[in-house]
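For reference, the structure is listed below as structure tokens.
The values are calculated or read from the model by the stated rules, or taken from the named source; none is laboratory data. Owing to the predicted nature of the structure, the values given are computational and were not obtained by experimental measurement. All Cβ positions, glycine included, derive from the backbone under ideal geometry; neighbour counts span all protein chains shown. Note: accessible area is taken over every heavy atom of the protein model, side chains too, but ligands, DNA and RNA are not part of it. Shrake-Rupley method; radii C 1.70, N 1.55, O 1.52, S 1.80 Å.
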Amino acid sequence: MIEVGAAVTGLKAAIQAAKAIKDVNDQAELNAAVAEIMEKLASSQSDLGALLAEHHELIEENRQLKEKLEKQQRFNKYRLEWTEGGYLIMPLRDEYVTDVEPSHVICPKCKEDGRLSPMNDDGLWYKCISCGYLACREGKTRQPRTNRFSG
Ligand SMILES: [Zn+2]
């Protein structure tokens, strides 16, 4: 990892060397000084290039984390709950129920994959419209139970 301080120090050294060049009269010394300045500038350019690449990487990482966080926050409006039939579902919390967002349930299995999938409700079963996960509303004796959520 390149440090910003090192890149700045390199540039400062190049500037100092350039300032000192006006006092040099000997051609060989002048050539050596110019070569030194060129070397310092090339090194600084390389450091800055690496810094820029790192900067872009961090911006991208930050964007991805924000996106992930926003996705995760959508689930904060739901709570995990057992049906009487012993299945996990995630109902919308009462305080978030509005005219435009009526009471509904989402799939806890899809949530683990970061997907917010509403479930259909036929009165007996909740069924995920995305993965097909079934949750029986009541009674533990109803069939089928093959799709039971297992984590
Ligand atoms: Zn699902």
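Key figures
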item: THR98-LEU124 pseudo-label distance in nm [points 7 Å out on the Cα-to-Cβ vector]; result: 3.6
item: Charge dipole (debye, nearest 20) of the chain; +1 at Cβ of Lys and Arg, -1 at Cβ of Asp and Glu; result: 1040
item: Crossing angle, helix 4-20 versus the chain [Cα axis fit, 0-90 degrees, rounded to tens]; result: 20
item: Choice from TYR96, TYR78, TYR87 showing the highest fluctuation, given a GNM over the chain with Cα pairs closer than 10 Å; result: TYR96
item: Rounded to 10°, Cα long-axis angle of helix 27-73 versus longest principal axis of the chain; result: 10
item: Gaussian network model of the chain, Cα within-10 Å springs - most flexible of ILE129, ILE15, ILE59; result: ILE15
item: Accessible area per residue in Å² at 1.4 Å probe, computed on the chain; result: 71
item: Cβ-derived FRET efficiency at R0 30 Å, ALA18 paired with GLU54, nearest 0.05; result: 0.65
item: Total formal charge among the other residues, if their Cβ is under 15 angstrom from that of ALA17, Lys/Arg +1 and Asp/Glu -1; result: 0
item: Kirkwood-type radius of segment 78-136, with distances r between different C-alpha atoms, in Å; result: 11.5
item: Distance histogram in 5 Å bins (all Cα pairs of the chain, percent per bin); result: 2, 8, 12, 11, 9, 6, 5, 4, 4, 4, 5, 5, 5, 5, 4, 4, 3, 2, 1, 0, 0
item: In nm, spacing of pseudo-spin labels at LEU80 and SER46 (7 Å Cα→C-beta vector); result: 5.2
item: Full-extension gain in nm, VAL34 to GLU70, via 0.36 nm per residue minus C-alpha separation; result: 7.6 nm
item: Evaluated over segment 4-74, the Cα radius of gyration and Dmax, each in Å; result: 20.4, 72
item: Too-long pairs where the Cα-Cα distance tops 19 Å, listed order kept, from LYS71/LYS127; LYS12/LYS40; LYS77/LYS109; LYS77/LYS111; result: LYS71/LYS127
item: Spatial separation of Cα centroids for segment 52-74 and segment 1-24, in angstrom; result: 34
item: Candidates ALA18, ALA28, ALA53: whichever shows maximal mean-square fluctuation once the chain is modelled as a Gaussian network with Cα springs under 10 Å; result: ALA28
